[in-house]
Protein chains: 2
Amino acid sequence: MYGLIGKIRSVPGQRDALASLLIQASSGMPGCLSYVVALDAAEADDLWVTEVWDSSASHRASLSLPSVQQAITKAKPLIVGFGERFETKPIGGYGLST
Amino acid sequence: MYGLIGKIRSVPGQRDALASLLIQASSGMPGCLSYVVALDAAEADDLWVTEVWDSSASHRASLSLPSVQQAITKAKPLIVGFGERFETKPIGGYGLST
């Protein structure tokens, strides 16, 4: 499996709109086992996205899906920048969809 | 919802054993919607745990479950320390179990 933990900083006041776009785009991605969008509990403009994929190839391929391309286009103006980013190798646990 | 993203550093060579303990303990926790154990892709002794709960109260209560208490007792000698820790408010996405 392949995992990503990443923080995105939104344009002030646009975090909810950005989160909605990401959530809408998060279903129907082949090879995606988990994609959780979360608000940072401390920082008003920060979002976390935690992802689990069956492979890094599936993650890479998802970036070319029309639905994801569309979401990226809409999301870009709402993003100021990116914070922490960690690549992981998920190995198990609870709640991994197939 | 309530979320945690946290890094655990294992005793050198004990990461797999620690991960197994955490994975074993990750099912059957009331209110847990996702609990993913992942190896850090860059650091040989680092593990990530990403958690989603229906509430912080469910997370707190899980720490008193006999199965979790048992896992903590077994895991402690395998842990050197803790790294980054982020509290989040998950709001949606894909793969949240109920």
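The values are calculated or read from the model by the stated rules, or taken from the named source; none is laboratory data. Every value quoted in this text rests on a predicted model; they were computed, and no experiment measured them. Cβ placement follows ideal geometry from the backbone for every residue including glycine, while neighbour counts extend to all protein chains displayed.
For A:D16, state whether it is closer than 24 Å to B:G6 by Cα, touching a strand residue (DSSP E or B) at 6+ places or on another chain (Cβ under 7 Å) and among the acidic types (D, E). Quick ask: steps written out before the conclusion?
Numbers: closer than 24 Å to B:G6 by Cα: yes; touching a strand residue (DSSP E or B) at 6+ places or on another chain (Cβ under 7 Å): no; among the acidic types (D, E): yes.
No; evaluated as a whole, the condition is false for this residue.
Taking B:G83 as the residue in question, decide whether it is assigned to a strand (DSSP E or B), in contact (Cβ under 8 Å) with a residue 60 or more places away in the chain and either surrounded by 15 or more Cβ atoms within 10 Å (Cβ to Cβ) or not β-branched (V, I, T) (or both). Steps first, answer last, please.
Working: assigned to a strand (DSSP E or B): yes; in contact (Cβ under 8 Å) with a residue 60 or more places away in the chain: yes; either surrounded by 15 or more Cβ atoms within 10 Å (Cβ to Cβ) or not β-branched (V, I, T) (or both): yes.
Considered against the rule, which asks whether it is assigned to a strand (DSSP E or B), in contact (Cβ under 8 Å) with a residue 60 or more places away in the chain and either surrounded by 15 or more Cβ atoms within 10 Å (Cβ to Cβ) or not β-branched (V, I, T) (or both), B:G83 comes out as yes.
Identify all residues within the stretch A:1-24 that are surrounded by 20 or more Cβ atoms within 10 Å (Cβ to Cβ) and of a type in the set (V, I, T); write none if there are none.
Within the stretch A:1-24, A:I5, A:I8 qualify.
Condition check ((1) closer than 22 Å to B:V49 by Cα; (2) at pLDDT 95 or above) across all residues:
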| site | (1), (2) |
| --- | --- |
| A:L33 | yes, yes |
| A:D40 | yes, yes |
| A:V49 | yes, yes |
| A:W53 | yes, yes |
| A:R60 | no, yes |
| A:S67 | no, no |
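So A:T88 fits all but one of (1) surrounded by 17 or more Cβ atoms within 10 Å (Cβ to Cβ); (2) of a type outside the set (D, E, K, R); (3) within 16 Å of B:L96 (Cβ to Cβ); what number is the exception?
The one condition A:T88 does not meet is (3).
For A:W53, all conditions in the list (1) farther than 21 Å from B:S97 by Cα; (2) over 11 Å from the mean Cα position of the chain (by Cα); (3) in contact (Cβ under 8 Å) with a residue 24 or more places away in the chain hold save one; what is the number of the exception?
(1)
Among the residues of the stretch B:52-60, is there at least one that is in contact with a Ser or Thr (Cβ under 6 Å, 6 or more places away or on another chain) and crowded, with 20+ Cβ neighbours inside 10 Å?
Within the stretch B:52-60, one or more residues are in contact with a Ser or Thr (Cβ under 6 Å, 6 or more places away or on another chain) and crowded, with 20+ Cβ neighbours inside 10 Å.
Output the residues belonging to the stretch B:25-45 that are surrounded by fewer than 21 Cβ atoms within 10 Å (Cβ to Cβ) and more than 9 Å from chain A (Cβ to nearest Cβ).
B:P30, B:G31, B:E43, B:A44, B:D45 - these are the residues of the stretch B:25-45 that are surrounded by fewer than 21 Cβ atoms within 10 Å (Cβ to Cβ) and more than 9 Å from chain A (Cβ to nearest Cβ).
Taking A:E51, is it over 24 Å from B:Y2 (Cβ atoms) and facing chain B (nearest Cβ under 10 Å)?
no
Looking at (1) within 20 Å of A:R85 (Cα to Cα); (2) within 13 Å of the chain's Cα centre (by Cα), which one does B:Q24 not meet, given that it meets all the others?
Among (1) within 20 Å of A:R85 (Cα to Cα); (2) within 13 Å of the chain's Cα centre (by Cα), the lone unmet condition for B:Q24 is (1).
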